[in-house]
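Student: First the structure, which I've put down as structure tokens, then a few questions once you've had a look.
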Amino acid sequence: MTYESAAAFAQTSGLLYFVGIFAAACLYAFWPRNRARFDAAAHLPLIED
């Protein structure tokens, strides 16, 4: 295995890894079941003690 092929493999696998992490984060953020939790968190700064 040459340096060029190892670097290409690392770049490709790293790209796929981070695309997968990004897709998972987007799915978590836009999943309908999490909407109430995020709405409650969005109103926390507006609640007075």
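None of the figures in this text is laboratory data; all of them are computed from the coordinates on show. In this text the structure is predicted, and so the values were computed from the model without any measurement. Cβ sites come from the backbone with ideal geometry, for glycine too, and all protein chains shown count toward neighbours.
Student: For a quick check: sort Leu16, Leu44 by the number of other beta carbons within 10 angstrom, fewest at the front.
Tutor: Leu44, Leu16
Student: While we're on this one: Enter the angle in degrees (range 0 to 90, nearest 10) between the Cα long axis of helix 3-30 and the first principal axis of the Cα atoms of the chain, meaning the one along which they spread out most.
Tutor: Value to nearest ten degrees: 20.
Student: Just one of (i) 11.9, 33; (ii) 19.4, 63; (iii) 20.3, 65 is Rg and Dmax of the Cα atoms in Å calculated from these coordinates, so which is it?
Tutor: Here the calculated entry is (ii).
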